[in-house]
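What follows is a single structure, written as structure tokens, with notes after it.
The values are calculated or read from the model by the stated rules, or taken from the named source; none is laboratory data. Quick caveat, the model's predicted, so the values are computed rather than measured. Please note: Cβ atoms are built from the backbone with ideal geometry, for glycine as well, and neighbour counts cover all protein chains shown.
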Amino acid sequence: MKVTRQQVLAYRIAEHGLHRAARDESELALFDLGVQDTSNATARLALAARLPRPAGDLAGFTLIWSYRGAPHLHRGADLPALAEALWPGSESDAWARLAWRADRGIPALEAYAVTARALREAVPRTMGKGAASAALTAAIPPGLSQWCRGCQATHVSEQLMRLAVLPAGIRLETDRYPATLSPIEPWPGIPERTRGVDRVITTYLRFFGPATPGEVAGFLGTTRKSVLPYWPDDLSEVDVEGRTCWLPEDRLDLLRDPPAPPPVRLLPALDPYLQARDRDLLVPDKAAQKALWRILGNPGALLVDGEVAGVWRARTARTRIEITVQPFAPLDPETRAEVEAEATTIGAVRGAGSVAVRFATG
């Protein structure tokens, strides 16, 4: 099956729920994967781009460091299975996820298990991240800690602690900064083996496909070699403008004939749609890529007729929010009106009394 770039983008937009067909957050299939969140309420902004009104109570969802140690909102009931699926399948897999570059004196898989068990005991109640880190550092072998210039102290490796949180059954308190940790009760215990990786791969391919094993590995924070043993059988090969990619068989009909994208959406920084690993397909222009994906402080993305057509930022002053949109090319009056309508959704999420939109140039 051969498809065009435009078909792929329209397919992904539909799978990501950006047509606002779901009535509320409980109907969003996107939670099969999870929604990344930050202190700027990016998850709620991402949900607002997919729902007819801002999301309500998210009590049924849990914030936790999951993929690549980044904070994501997941359904609470999904977490034990996700912990098994993200448990490293080999020593080289564990090393890749931890991004270790030197001998720590302890095998990486053992480091995972030791740290997860210690973390479960170190956080018996709600604790700030600093206190939890100190308790964990005291309980693990010295080789798993390192000198931190920012803290001016020796403590557990940041990535190791983040990756140990899910298998340990430790969640993050939402809307608490700095980070605050709490135990999940009940919790089945530290995973004894890797299980369900194929389901996670299929889920990634559903939302970001057609894609390659290397792109799946990038999302999981590991290597292509570590992903291949779990590659599902029920996938179809798809030619995306000369690239061999893969998609679940049951999504082929939607890929073949996806609905037209909505006219305008304002996606927050780190929106799930922007997490695809094939950035050259999503945003072919290198200058646009540089504007959208920055080393620090990513802006949001302006989506127009299925294309990333610009970036935006918001500034809040008291009860007023000002959204500055910088399109990559001039926008017609009708599209500008759509942008202004979408901006009211951002204002509602952030509790702004009024919203102003400014279109920047250059």
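Let's see how each residue does on (1) among the aromatic types (Phe, Trp, Tyr); (2) over 26 Å from residue 39 (Cβ atoms):
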position: 64; (1), (2): no, no
position: 76; (1), (2): no, no
position: 91; (1), (2): no, yes
position: 95; (1), (2): yes, yes
position: 105; (1), (2): no, yes
position: 110; (1), (2): no, yes
position: 120; (1), (2): no, no
position: 129; (1), (2): no, no
Scope the range 139-162; condition without any contact (Cβ under 8 Å) to a residue 40 or more places away in the chain and either within 11 Å of residue 115 (Cα to Cα) or not assigned by TED's automatic domain parsing to the domain that holds residue 121 (or both); matching residues
139, 140, 141, 145
Consider the range 217-253. How many of its residues are under 18 Å from residue 32 (Cα atoms), touching a residue at least 40 places away in the same chain (Cβ under 8 Å) and in a helix (DSSP H, G or I)?
3
Just to be sure I understand the filter: pairs with C-beta atoms under 6 Å, separated by 6 or more residues or on different chains, first member in the range 332-361 and closer than 11 Å to residue 266 by Cβ, second member in a helix (DSSP H, G or I) and among the acidic types (Asp, Glu). Which pairs pass?
357/340
Restricting to the range 33-82, name every residue that is in a loop (DSSP other than H, G, I, E, B), out of contact with any strand residue (DSSP E or B) (no Cβ under 8 Å at 6 or more places or on another chain) and surrounded by fewer than 19 Cβ atoms within 10 Å (Cβ to Cβ).
39, 40, 41, 52, 53, 54, 56, 57, 59
Working carefully through the options 212, 223, find the one that is farther than 28 Å from residue 326 by Cα and touching a Cys at 6+ places or on another chain (Cβ under 6 Å).
212
For residue 134, work out the one condition from (1) in the same structural domain as residue 32 (by TED's automatic domain parsing); (2) within 27 Å of residue 43 (Cβ to Cβ) it doesn't fulfil.
(2)
Within the range 138-173, count every residue that is of a type in the set (A, V, I, L, M) and within 19 Å of the chain's Cα centre (by Cα).
8
